[in-house]
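Inspection log for the structure reproduced underneath, given as structure tokens.
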Amino acid sequence: MHNTVKNLLDIENNIKNHLNKLNINCNPKIVAVSKTFKIDKILPLIEHGHLDYGENKVQEAIEKWTEIKRINSKIKLHMIGKLQTNKVKFAVQIFDYIHSVDNEKLAKKIADEQNKINKNVKVFLQVNIGDENQKSGVNKNNVNQLASYCKEIGLDLIGLMCIPPVNIDPDVYFDEMNKLNSSLGFNELSMGMSSDFLVAVKYFSTYVRIGSSIFGKRD
């Protein structure tokens, strides 16, 4: 068994055991964050049958995944990085999920581009939950407004996403995100990475974005 597959199975088991102990009935999807990794590192996971992958650059995603997605239509690609409006046209063609919508202009552009090609991308709103100047994300006080706008223009909005501040206990942020997500009536929640996914699933994260714990350190 290839070590990336072994890593993935270990993570799946850890999550399962952790949720069983907490008596939480939830089965979060693991988005294998394959950004910067070459396709030969990713192929063992694809062969194993894993379907969800995360990229943060549109060009890299197109080069790596166009052919693979043509052969295997079950594969779901997740845009987890900041998305520039001038890249939306291409992003909508290759990605199935966009986790990083944080303003109306971007939302509108996604709606326009997907209507042109009759595609329905699933969207998360990125919330700047730690109120950090250097981070993308909509302010939590404006989430409601942006969510309403996205629904008005016909986006398939399925939940919220966050990246909590580094080196601070993430519990409080994940808890707040879970409450905010529920208050808006969403079923999906994108939070948790290699360092904190076990905390995230405790607060009902349904998509965890894990890179280095599966693929190893990036160069």
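The values are calculated or read from the model by the stated rules, or taken from the named source; none is laboratory data. Since this is a predicted model, take the numbers as computed values, not measurements. Every residue, glycine as well, gets a Cβ built from its backbone with ideal geometry; the counts of neighbours run over all protein chains shown.
Quick notes on this one:
Residue by residue, here is whether (1) under 23 Å from residue 6 (Cβ atoms); (2) in contact with a His (Cβ under 8 Å, 6 or more places away or on another chain); (3) not aliphatic (A, V, I, L, M) holds:
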| position | (1), (2), (3) |
| --- | --- |
| 155 | no, no, no |
| 163 | no, no, no |
| 175 | no, no, yes |
| 191 | no, no, no |
| 194 | yes, no, yes |
| 197 | yes, no, yes |
| 201 | yes, yes, no |
| 207 | yes, yes, yes |
| 212 | yes, no, yes |
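- Evaluation of residue 146 against the conditions (1) more than 18 Å from the chain's Cα centre (by Cα); (2) within 23 Å of residue 28 (Cβ to Cβ) shows that the sole unmet condition is (2).
- Meets criteria (under 25 Å from residue 68 (Cα atoms) and modelled with pLDDT of 95 or more) for residue 11: yes
- Checked against the criterion of being of a type outside the set (S, T, N, Q), surrounded by 14 or more Cβ atoms within 10 Å (Cβ to Cβ) and either touching a Gly at 6+ places or on another chain (Cβ under 8 Å) or within 25 Å of residue 198 (Cβ to Cβ) (or both), the stretch 82-92 has no qualifying residue.
- Sole residue being within 29 Å of residue 24 (Cβ to Cβ) and exposed (fewer than 15 other Cβ atoms within 10 Å of the Cβ), chosen from 213, 194, 182, 190: 182
- Residue list for the stretch 166-179, filter: farther than 19 Å from residue 124 by Cα and surrounded by fewer than 21 Cβ atoms within 10 Å (Cβ to Cβ): 166, 167, 168, 169, 171, 172
- Considering residues of the stretch 141-171 that are among the aliphatic types (A, V, I, L, M) and in a loop (DSSP other than H, G, I, E, B) only, the residue farthest from residue 201 (Cα to Cα): 153
- Of all residue pairs spaced 6 or more apart or on separate chains, none has beta-carbon atoms under 6 Å together with a first member in the stretch 106-122 that is modelled with pLDDT under 95 and in a helix (DSSP H, G or I) and a second member that is of a type outside the set (Ser, Thr, Tyr) and surrounded by 18 or more Cβ atoms within 10 Å (Cβ to Cβ).
- Counted residues, the stretch 1-60 - those being in a strand (DSSP E or B) and aliphatic (A, V, I, L, M): 4
- Looking only at residues in the stretch 34-56 that are buried (at least 17 other Cβ atoms within 10 Å of the Cβ) and in contact with an Asp or Glu (Cβ under 8 Å, 6 or more places away or on another chain), the one that is nearest to residue 204 (Cα to Cα) is 34.
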